[in-house]
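Read through the structure below, which is laid out as structure tokens, and then see the notes.
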Amino acid sequence: MAAYRRHSRAGVLLAVAVVCGALAVRPAAAGCTLGSEASQLKRSVRLAARCNDRILRSGPGTICKQSPPPACAGTLPADALALAYGPNDPASAPVDRRLLKTQLNCQKRIGRATASYVGRKLRYRVNGLSEAEADLRARKQLDKLPDKCFVIVAQDASGVVVPAVGPQCAAALPPPGSGVDSAALRDCVHTLLGVWVERWGPNPQPLRPNIVFILTDDQRRDTTDATHSPSAAAIMPRTRAELADHGVEFPEAFMTTPLCCPSRSSILSGQYSHRTGVYKNGGNNGGADDFDDGSSVGTWLQAAGYRTSLMGKYLNGYNALWTTGEPPYVPPGWTEWHGMKNVGYFNYRIVEPNGMGGYVENFYGSAETDYSTDVLREKAKTFITESVAAGEPFLLYLAFKAPHGPFIAAPRHDGLFQTIAPWRPPSYNEADVSDKPTWVQNTPLLDAQGMADLDQLRIDQLEMLQAVDEAIGGSTTYGITGIMEHLRNLGIADDTLVVFFSDNGFLWGEHRMQAKNKPFEEAIRSPMLVYYPKLAPLPRTETRFALNIDLASTFAELAGASVPITQDGRSLVRVIDGTQPTWRTDFLTEGWPGAHPWATVHEAQWKYSETPVTPGDPNTLFQLELYDLVNDPYELTNVASDPQHAARITAMAARLRQLRPNWPVDSDPNGPDPPEADE
């Protein structure tokens with residue numbers, strides 16, 4: 001049986017700070033503006049680089065001459081040195097300078113080229129040169145790296161690897177015993193340093209990239225790689241080749257409310273569901289009519305000069321925002337709208353421009369060419385082309401229906417995964433749930449038919465994702481030009497941020513469930529891939545937490561847009577480029593499924609959940625869950641009743657009330673979703 005605990009309101013800190021994320025970590029106005037500051041920066045970084053080189057040769061006890069950087073440079077000196085030396089900033093032990101002579105020379109050249117570039121480029125910018133001209137004059141030392149770093153990566157007996165760089169460029173340095181890709185190393189270091197100097201220079205400006213946000217529906221985190229593949233190939237190989245292999249993968253990406261409409265409202269606003277007021281897909285406190293569409297990422301970026309478009313699924317209940325005979329409703333903030341009125345794969349309607357300044361409902365039928373994923377793909381490419389012709393940066397919010405039910409794959413993919421082995425993780429159809437809350441205990445075991453239905457659902461979802469994969473990466477077999485190739489053909493790929501995300505995950509029989517909107521990992525985790533060469537020149541995996549509520553702030557910072565509403569999320573810009581010095585160590589997830597709302601504090605190792613016995617009652621008892629995700633990743637053993645975790649539970653319960661100040665008063669779901677709300 002799950003543990004129970006009563007929390008006294010008097011014993012919980014209720015006056016808490018609102019969790020808000022700054023949209024930019026850079027000077028409010030100008031950074032360094034004086035030539036003396038540029039010289040001071042160059043000297044500081046150069047001496048620090050020399051110190052790192054000496055420590056590599058003589059050990060951590062080495063005494064070095066140092067010079068403080070100018071305050072106006074912010075984190076630029078530390079960022080530059082961390083990039084140039086990685087784990088050797090400074091090294092943990094000396095290395096054999098005779099055996100590793102060429103490697104040490106390469107490491108030294110990287111450090112000196114970095115110091116030279118940041119100091120010189122900043123000085124040229126302070127003197128009034130254009131960014132392009134300043135870059136050309138400053139990069140001479142960097143351009144020598146391919147010759148100076150034509151070396152084999154080596155590991156000293158002490159364990160120190162030389163050369164080494166920061167994780168942003170580590171893909172250019174293979175494991176010890178292999179050669180450095182010195183050209184890729186040069187290009188990566190140069191790209192990042194160029195962006196960072198501008199960030200702290202005399203007139204910092206937003207990057208203002210084009211933004212393509214690709215959103216799927218009910219897609220689990222583990223469905224882009226080979227986890228569910230019948231072979232070693234990835235389920236979405238084109239998407240991974242285009243985005244993961246050329247960008248940043250976030251394996252620790254989450255939705256704060258794992259349900260369609262609340263999650264999408266959070267994506268559009270940057271706010272937790274308890275702040276947006278959108279708790280469910282429909283009914284009381286749910287659906288499009290409860291979302292404040294007057295302030296969203298669309299309105300912010302449009303006001304900042306972006307051409308904006310939303311295509312596909314908007315919010316559940318969108319089709320109820322107007323009645324038959326009235327002009328279709330189009331939310332503010334969207335230059336061009338292609339929102340689906342009734343969301344489906346065939347026989348659906350899209351509200352789109354009528355060519356006369358208004359909007360009309362266009363019907364798409366049952367022909368193979370009407371498959372909605374394919375239709376939206378082509379509309380997306382048209383919008384991109386027209387935006388380039390208009391000379392305006394753009395935001396494309398592309399929301400596919402897939403792989404949400406009804407489970408209809410494109411005809412060309414039907415049957416593709418029919419022979420895959422069933423999915424049977426340790427938590428599948430969990431036999432003993434006596435340690436879990438009552439709502440889990442009341443979930444019956446799957447019978448043979450239920451298991452067969454779930455197996456087929458999984459097959460269908462994997463097949464439906466193939467059209468999404470082709471929309472991103474194209475298909476020579478079917479003559480499809482994907483969005484990424486289209487960006488390259490237009491010459492704008494390097495100036496475009498592409499983010500791939502899902503609104504929620506899905507349980508394929510784990511804990512007996514075919515469900516979302518649950519606190520379990522399969523429901524709250526999202527695939528997240530980010531492509532933007534200016535911030536991520538080489539591929540890497542970023543293990544810090546990323547949330548759906550972070551996306552709006554990220555887009556706004558990059559666009560230079562003002563955000564008029566409180567943000568619960570934080571901009572990911574400096575997480576993407578690897579310069580964020582500190583980051584969240586926990587976050588809130590919350591849900592209002594029927595009669596058992598829940599709230600969770602999620603850390604890297606521990607996850608703590610509360611389910612109120614009497615939702616909405618400030619004096620309610622709670623059913624508690626505590627899982628050790630490191631040693632129990634499938635959440636099989638609830639240790640909330642174990643006395644050794646009492647202090648942890650007390651601390652995490654208090655943290656829950658910091659992140660969710662009105663909990664549990666606002667936990668009353670006010671009735672279940674209507675059946676038609678999950679569209």
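The values are calculated or read from the model by the stated rules, or taken from the named source; none is laboratory data. Source: prediction; values computed, not measured. Quick reminder, even Gly has a Cβ in these numbers, built from the backbone with ideal geometry, and neighbours come from all protein chains shown.
Structure summary
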| quantity | calculated |
| --- | --- |
| Scope the range 301-323; condition more than 21 Å from Glu361 (Cα to Cα) and either buried (at least 24 other Cβ atoms within 10 Å of the Cβ) or in contact with a Cys (Cβ under 7 Å, 6 or more places away or on another chain) (or both); matching residues | Leu301, Tyr306 |
| Search result, residues across the range 282-298 that are surrounded by fewer than 24 Cβ atoms within 10 Å (Cβ to Cβ), over 28 Å from Pro393 (Cβ atoms) and touching a Leu at 6+ places or on another chain (Cβ under 8 Å) | Asp289 |
| Which listed residue, of Val388, Val360, is free of Cβ contacts under 8 Å to residues at least 40 places away in the same chain and either among the aliphatic types (A, V, I, L, M) or in contact with a Pro (Cβ under 9 Å, 6 or more places away or on another chain) (or both) | Val360 |
| In the range 255-301, residue farthest from Phe555 (Cα to Cα) [restricted to those that are among the aliphatic types (A, V, I, L, M), part of a helix (DSSP H, G or I) and over 16 Å from the mean Cα position of the chain (by Cα)] | Ala288 |
| Meets criteria (assigned to a loop (DSSP other than H, G, I, E, B) and either without any contact (Cβ under 8 Å) to a residue 12 or more places away in the chain or surrounded by 15 or more Cβ atoms within 10 Å (Cβ to Cβ) (or both)) for Thr611 | no |
| Test: residue in the range 464-484 that is hydroxyl-bearing (Ser, Thr, Tyr) and either under 23 Å from Ile576 (Cβ atoms) or outside the structural domain of Lys401 (by the TED database) (or both) | no |
| Checklist (1) buried (at least 22 other Cβ atoms within 10 Å of the Cβ); (2) among the hydroxyl-bearing types (Ser, Thr, Tyr); (3) assigned to a loop (DSSP other than H, G, I, E, B) applied to Ser366, failing item | (1) |
| Selection status of Thr102, without any contact (Cβ under 8 Å) to a residue 12 or more places away in the chain and more than 19 Å from Gly201 (Cα to Cα) | no |
| Residue count, the range 74-93 (criterion: over 21 Å from Gly31 (Cα atoms) and either touching a strand residue (DSSP E or B) at 6+ places or on another chain (Cβ under 9 Å) or surrounded by fewer than 24 Cβ atoms within 10 Å (Cβ to Cβ) (or both)) | 8 |
| Residues being out of contact with any His (no Cβ under 6 Å at 6 or more places or on another chain) and either among the basic types (Lys, Arg) or assigned to a strand (DSSP E or B) (or both) - total across the range 303-362 | 21 |
| Any hit, the range 147-167, residues being without any contact (Cβ under 8 Å) to a residue 12 or more places away in the chain, over 20 Å from Leu462 (Cβ atoms), surrounded by fewer than 21 Cβ atoms within 10 Å (Cβ to Cβ) and not assigned by the TED database to the domain that holds Lys607 | no |
| Single unsatisfied condition, Ser36 versus (1) of a type in the set (Ser, Thr, Tyr); (2) part of a helix (DSSP H, G or I); (3) in contact (Cβ under 8 Å) with a residue 60 or more places away in the chain | (3) |
| Selection count, the range 587-604, where residues are modelled with pLDDT of 95 or more and surrounded by fewer than 21 Cβ atoms within 10 Å (Cβ to Cβ) | 2 |
| Search result, residues across the range 518-541 that are surrounded by 24 or more Cβ atoms within 10 Å (Cβ to Cβ), under 30 Å from Leu454 (Cβ atoms) and touching a helix residue (DSSP H, G or I) at 6+ places or on another chain (Cβ under 7 Å) | Ser526, Pro527, Leu529 |
| Which listed residue, of Arg655, Arg648, Arg584, is charged (D, E, K, R), at pLDDT 95 or above and either under 22 Å from Phe506 (Cα atoms) or not in a helix (DSSP H, G or I) (or both) | Arg584 |
| Lone unmet requirement of (1) closer than 22 Å to Leu376 by Cα; (2) touching a residue at least 40 places away in the same chain (Cβ under 8 Å); (3) of a type in the set (Ser, Thr, Tyr) for Tyr329 | (2) |
| Every pair of residues 6+ apart whose Cβ atoms lie under 6 Å, when the first sits in the range 407-426 and is at pLDDT 95 or above while the second is among the small types (Gly, Ala, Ser) | Ala410/Ala467 |
| Residue count for the range 412-460, restricted to those that are among the aliphatic types (A, V, I, L, M), out of contact with any Leu (no Cβ under 8 Å at 6 or more places or on another chain) and either exposed (fewer than 15 other Cβ atoms within 10 Å of the Cβ) or within 28 Å of Thr614 (Cβ to Cβ) (or both) | 6 |
| Subset of the range 39-68 (residues that are at pLDDT below 95 and assigned to a helix (DSSP H, G or I)) | none |
| Of all residues in the range 542-576 being touching an Asp or Glu at 6+ places or on another chain (Cβ under 6 Å) and surrounded by 24 or more Cβ atoms within 10 Å (Cβ to Cβ), the one that is farthest from Asp503 (Cα to Cα) | Val573 |
| Condition check for Pro675: surrounded by 17 or more Cβ atoms within 10 Å (Cβ to Cβ) and at pLDDT below 95 | no |
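Residues checked against (1) within 22 Å of Ala467 (Cβ to Cβ); (2) surrounded by 23 or more Cβ atoms within 10 Å (Cβ to Cβ); (3) in the same structural domain as Leu268 (by the TED database):
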| residue | (1), (2), (3) |
| --- | --- |
| Val330 | no, no, yes |
| Asn342 | yes, no, yes |
| Phe346 | yes, no, yes |
| Gly357 | no, no, yes |
| Asp370 | yes, no, yes |
| Leu398 | yes, yes, yes |
